[in-house]
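The structure appears below as structure tokens.
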Ligand code: XBP
Ligand code: MG
């Protein structure tokens, strides 16, 4: 089947947002509310097992803070903390930006020039995606991505397949016409669950994850003059991840 669309995860895939972005914003929200919660780099790696910021806070308290007496309105408090966290995160992006990962801008441009359709499928909050794209990619990125499937738009977050299925439904495309980009085990379970061929580019938080069924596992997308490290699979005879490689992976059985 002809390849028509590329579907991208955001956090960890388009940009390394978790360690120096989301984590820092969570801690700023906790401090703002006078809570003695602090998520260091290692702990945050464990908390990433749960996708979604609100879900992650619930998990943290249940798993690591038996000493914390939850108020009756704890769910509301978590929602409020999460709004504060989103405010801190989007402000951080506005002030400094977090760069796109190696090869991302080049590949997006190549896909646009070739007339491929582009979409986002992420568990993060929609404002976070818009802010990242605007400040780290280009002012007009709302025109780049035809669908931004994000956050609570589907109740079951990754590893459930729902967010990818929702994005494809909006585009009226079947999985056979699409190709996905992910960085994590939960992300891959989601995209594979939706029937999508998927390329993995790892990062520090995900290099030890298992990636069954990925077309390849790479250090990054690469650039002219910088070949990515290949951890699983091969580069389809290309020097870095370009549309020729993606078309080859997409066409393979
Ligand atoms: C990303 C997430 C998100 C972010 C935080 O996972 O799990 O929850 O960490 O964003 P993926 P929010 O890359 O698989 O989409 O606080 O807005 O949820
Ligand atoms: Mg991710």
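Side notes on the structure shown:
- Where helices (runs of 4 or more DSSP H) sit wholly within the range 75-193, none has at least 1 residues that are surrounded by fewer than 21 Cβ atoms within 10 Å (Cβ to Cβ), within 16 Å of ligand 2 (Cβ to nearest atom) and at positive phi.
- Residues in the range 25-43 that are crowded, with 20+ Cβ neighbours inside 10 Å and touching a residue at least 24 places away in the same chain (Cβ under 8 Å): 25, 26, 29.
- Qualifying residue in the range 64-75 (condition: outside the structural domain of residue 243 (by TED's automatic domain parsing) and within 12 Å of ligand 1 (Cβ to nearest atom)): no
- Assessment of the range 120-129 against the conditions (without any contact (Cβ under 8 Å) to a residue 60 or more places away in the chain, over 22 Å from residue 243 (Cβ atoms), in contact with a strand residue (DSSP E or B) (Cβ under 8 Å, 6 or more places away or on another chain) and within 10 Å of ligand 1 (Cβ to nearest atom)) yields at least one matching residue.
- Qualifying residue in the range 201-212 (condition: surrounded by fewer than 20 Cβ atoms within 10 Å (Cβ to Cβ), at pLDDT 95 or above and part of a helix (DSSP H, G or I)): no
- Qualifying residue in the range 8-24 (condition: part of a loop (DSSP other than H, G, I, E, B) and surrounded by fewer than 21 Cβ atoms within 10 Å (Cβ to Cβ)): yes
The values are calculated or read from the model by the stated rules, or taken from the named source; none is laboratory data. Computed from a predicted structure; not experimentally measured. Because the Cβ atoms are built from the backbone with ideal geometry, glycine has one as well, and the counts that use them run over all protein chains shown.
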